[in-house]
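Just so it is clear, none of the values below were taken in a lab; they were calculated from the coordinates. Remember, it's a predicted structure, so these values are computed and weren't measured experimentally. No Cβ is skipped: glycine too gets one built from the backbone with ideal geometry, and neighbour counts run over all protein chains shown.
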């Protein structure tokens, strides 16, 4: 298995949705890891810089045409690009990943995109509410019974989350990837969820 985690970024992507996962992969609480288990890589439609909703520009490592066949996980970061024509180029990439049993993550509008193409019909899942999944999915979305009203859901190597669940999304993917021990992943989650002041008593 390759040690690259591929983050798919479309134009007007939601940069905050990649932060917790990418940070935990690359660093611990002290510094950048000397020997990380995985490496973060960015995949975009082309090798041209891709702009986030907030205006930051990210230079991709791969385009859709140059991305590797083997990788540890495919992570679809949400944003407004998922309701544009360029998103259709991602469909065969995701289908291929699911067929190969790869870990696939989809957050916010990327989860709705998965519903649109029938890619959530065999797994328990969540997203930006059942109504949005039905709206985007139309006749292709046939698994409303599989919807769980939760921040993030992991089932059969597919992790979905709503747009406010960046941290929960990261936690579920870190667990699937076995990026660290269960205890350290939980510590990372709780530290960021509860905050420094709640966990570290005032001296």
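See the values below:
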read-out: Length gained when the stretch residue 15-residue 31 is fully extended (0.36 nm per residue, less Cα-Cα span); value: 3.6 nm
read-out: Nearest-ten-degree value, helix 166-177 long axis tilted from longest Cα axis of the chain; value: 90
read-out: Gained length - residue 65 relative to residue 100, 0.36 nm times residue gap less alpha-carbon distance; value: 10.7 nm
read-out: Spread of Cα-to-Cα distances over 10 Å intervals beginning at zero, given as percent, for segment 93-203; value: 15, 42, 27, 12, 4, 1
read-out: Which of 171, 124 has the fewest Cβ neighbours within 10 Å, and the rest in rising order; value: 124, 171
read-out: Gaussian network model of the chain, springs between alpha carbon atoms under 10 Å - residue of 81, 146, 163 with greatest fluctuation; value: 146
read-out: Spatial separation of Cα centroids for segment 24-87 and segment 156-203, in angstrom; value: 20
read-out: Selected from 120, 173, 59 as most flexible by GNM, with the chain as the system and alpha-carbon contacts under 10 Å; value: 59
read-out: In nm, spacing of pseudo-spin labels at residue 3 and residue 47 (7 Å Cα→C-beta vector); value: 2.5
read-out: DSSP bridge orientation in segment 4-199 - percent antiparallel, rounded to nearest 5; value: 30
read-out: Calculated [θ] (222 nm, deg cm²/dmol) that DSSP helices of n ≥ 4 give over the chain, each run adding -39,500 (n - 2.57); value: -8500 deg cm²/dmol
read-out: Sequence of 187, 114, 67 once ranked by neighbouring C-beta atoms within 10 Å, starting from the fewest; value: 187, 67, 114
read-out: Ratio of Rg to Rh over the chain (Cα coordinates, Kirkwood Rh, two decimals); value: 0.96
read-out: Anisotropy class of segment 21-86 from Cα gyration tensor, a/c 1.5 cut; value: prolate
read-out: Acute angle (nearest 10 degrees) that the helix 182-194 long axis makes with the longest principal axis of the chain, alpha-carbon atoms; value: 90
read-out: For segment 1-57: rounded, prolate or oblate by the Cα gyration tensor [a/c cutoff 1.5]; value: oblate
read-out: Kirkwood Rh, Cα atoms: Rg over Rh of segment 132-196; value: 1.07
read-out: Relative contact order [Cα under 8 Å, 6+ residues apart], segment 55-203, whole percent; value: 19
read-out: Neighbour-count ranking [beta-carbon atoms within 10 angstrom, fewest first] of 188, 62; value: 62, 188
read-out: Segment residue 83-residue 190, length gained on full extension (0.36 nm per residue, minus Cα span); value: 35.2 nm
